[in-house]
Amino acid sequence: MLLLFNSCGIYSFTGANVNANVKTFQVNYFQNTAEVVEPGLDRTFTLRLQNLIQNQTNLSLTNSGGDLLYEGEITEYRVSPMTATANQRAAQNRLTITVNVRFTNRKKEDDDFEKRFSFYYDYDADDLLTGAVLNNALEEIFERITQDIFNESLAKW
């Protein structure tokens, strides 16, 4: 029975399937290359991805030489009108953020990928995208994008 569990890798309650010989992960700084730059967005995203992986696996975070490597850039930060009122004004806006991710598994090259992950947040057009509105938007968007990256790289969903 022990050999059966050992040969399949390590499973967790979060759905992660991490090979037993993978011990460390590295998340390089995700630079913001979008046309519109929101200050601190790159740092916030990088930390959110690091925290998610640390909280959902038993892997150790390292600055270099990680068994798993996450790197990429924030390629889109866009606000667009979504619905209009009767007098041709926007009633709702949508913030969309897209992140390009390159994942490298140094222990199993077949798992490597480069992929874009994107999500959005809709908010009332009368609200400014600052303060609590911006924080709520980033919280929801980053929660979804980081979970999608985790699922694609470790949970294989």
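The values are calculated or read from the model by the stated rules, or taken from the named source; none is laboratory data. None of the values given here were measured: they were computed from a predicted structure. Please note: Cβ atoms are built from the backbone with ideal geometry, for glycine as well, and neighbour counts cover all protein chains shown.
Key figures
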| quantity | calculated |
| --- | --- |
| Pair list, Cβ under 9 Å, 6 or more apart: the range 52-81 residue without any contact (Cβ under 8 Å) to a residue 12 or more places away in the chain, other residue among the acidic types (Asp, Glu) | none |
| Filter result for the condition that a residue is surrounded by 12 or more Cβ atoms within 10 Å (Cβ to Cβ), touching a helix residue (DSSP H, G or I) at 6+ places or on another chain (Cβ under 7 Å) and over 23 Å from residue 131 (Cβ atoms), over 59, 69 | 59 |
| Single condition residue 119 does not satisfy, out of (1) under 12 Å from the mean Cα position of the chain (by Cα); (2) within 13 Å of residue 150 (Cα to Cα) | (2) |
| Any hit, the range 66-83, residues being at pLDDT 95 or above and part of a loop (DSSP other than H, G, I, E, B) | yes |
| Number of positions in the range 93-114 that are touching a helix residue (DSSP H, G or I) at 6+ places or on another chain (Cβ under 8 Å) and farther than 14 Å from residue 74 by Cβ | 4 |
| Cross-chain or 6+ apart pairs with Cβ under 6 Å, the range 93-117 first and farther than 19 Å from residue 155 by Cβ, then among the basic types (Lys, Arg) | 96/78; 98/116; 100/116 |
| Of the criteria (1) touching a strand residue (DSSP E or B) at 6+ places or on another chain (Cβ under 7 Å); (2) closer than 18 Å to residue 32 by Cα, which one residue 123 fails | (2) |
